[in-house]
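For reference, the structure discussed in these notes is given below.
The values are calculated or read from the model by the stated rules, or taken from the named source; none is laboratory data. Treat the numbers as computed from the prediction; the structure is a model and nothing was measured. Glycine also receives a Cβ, built like all others from the backbone with ideal geometry; neighbour counts cover every protein chain displayed.
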Amino acid sequence: MAVSSVAVQRRPSMLSRLAESRNTLGLGFMLPAAALLLVFLTYPLGLGVWLGFTDTRIGRPGLYIGVENYEYLWSDSVFWLSVFNTVLYTVSASILKFVLGLWLALILNEKLPFKSFFRAVVLLPWVVPTVLSAIAFWWIYDSQFSILSWALQQMGLIDHRINFLGDPTNARASVIAANVWRGIPFVAITLLAGLQTIPQSLYEAATLD
């Protein structure tokens, strides 16, 4: 009886087992980040959805009006134009960043001289602050002092300056190009990290096949 009672006393409690569990430890580390996401992401998103069903204005709470706001947007041409621009921007930029990023990753995965230097150069568009990138492209796309228009004129490819941001089609292409330029390094380095985890034996087997 004494031996069995000692064994029972030495058996770890459920609380101690939870404290020693790796899953519980991981959950504990995730809770602060989950709380921040809940406060700064989930709550604003939920509040925005709720305000969409009200006639709230700045300075007054507003009343519940159902789906009247969404019925108005459904017949609003400006809303559908913004939807078209958003879809075009997202799809085009994502495809171009992936294709060009994969191409760049395949090049950097080869045995090249000064490979570390080239990888550092590739990361520059991603490292440069967004504000500086925006100012730089603002000058590049300037209707009067654009370096891009000047270079194309000097090469004889165009006979007048391009209105990058004043024409709807040019403006869409210009914004997509700026986003692609900034996003390619992240995609390239991410894919390069994945390529370098592939064992060399698989490449050799594929070559033999």
Original post:
Which pairs do you get when a residue that is farther than 14 Å from residue 194 by Cβ and assigned to a helix (DSSP H, G or I), found in segment 96-114, comes within reach of a residue that is of a type in the set (S, T, N, Q) and at pLDDT below 85, reach meaning Cβ atoms under 9 angstrom, with the pair 6+ apart or on two chains?
Top reply: none
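Results for (1) assigned by TED's automatic domain parsing to the domain that holds residue 119; (2) assigned to a helix (DSSP H, G or I); (3) surrounded by fewer than 17 Cβ atoms within 10 Å (Cβ to Cβ), shown as yes or no for each residue.
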{"site": "162", "(1), (2), (3)": "yes, no, no"}
{"site": "170", "(1), (2), (3)": "yes, yes, yes"}
{"site": "174", "(1), (2), (3)": "yes, yes, no"}
{"site": "180", "(1), (2), (3)": "yes, yes, no"}
{"site": "183", "(1), (2), (3)": "yes, yes, no"}
{"site": "186", "(1), (2), (3)": "yes, yes, yes"}
Original post:
For residue 109, all conditions in the list (1) under 20 Å from residue 172 (Cα atoms); (2) of a type in the set (S, T, N, Q); (3) touching a Leu at 6+ places or on another chain (Cβ under 7 Å) hold save one; what is the number of the exception?
Top reply: (1)
**OP:** Kindly indicate whether any position in segment 144-157 is surrounded by 13 or more Cβ atoms within 10 Å (Cβ to Cβ), in contact (Cβ under 8 Å) with a residue 24 or more places away in the chain and under 30 Å from residue 81 (Cβ atoms).
**Re:** no
Original post:
Of the residues that make up segment 116-132, is at least one surrounded by 10 or more Cβ atoms within 10 Å (Cβ to Cβ), among the hydroxyl-bearing types (Ser, Thr, Tyr), assigned to a helix (DSSP H, G or I) and touching a residue at least 12 places away in the same chain (Cβ under 8 Å)?
Top reply: no
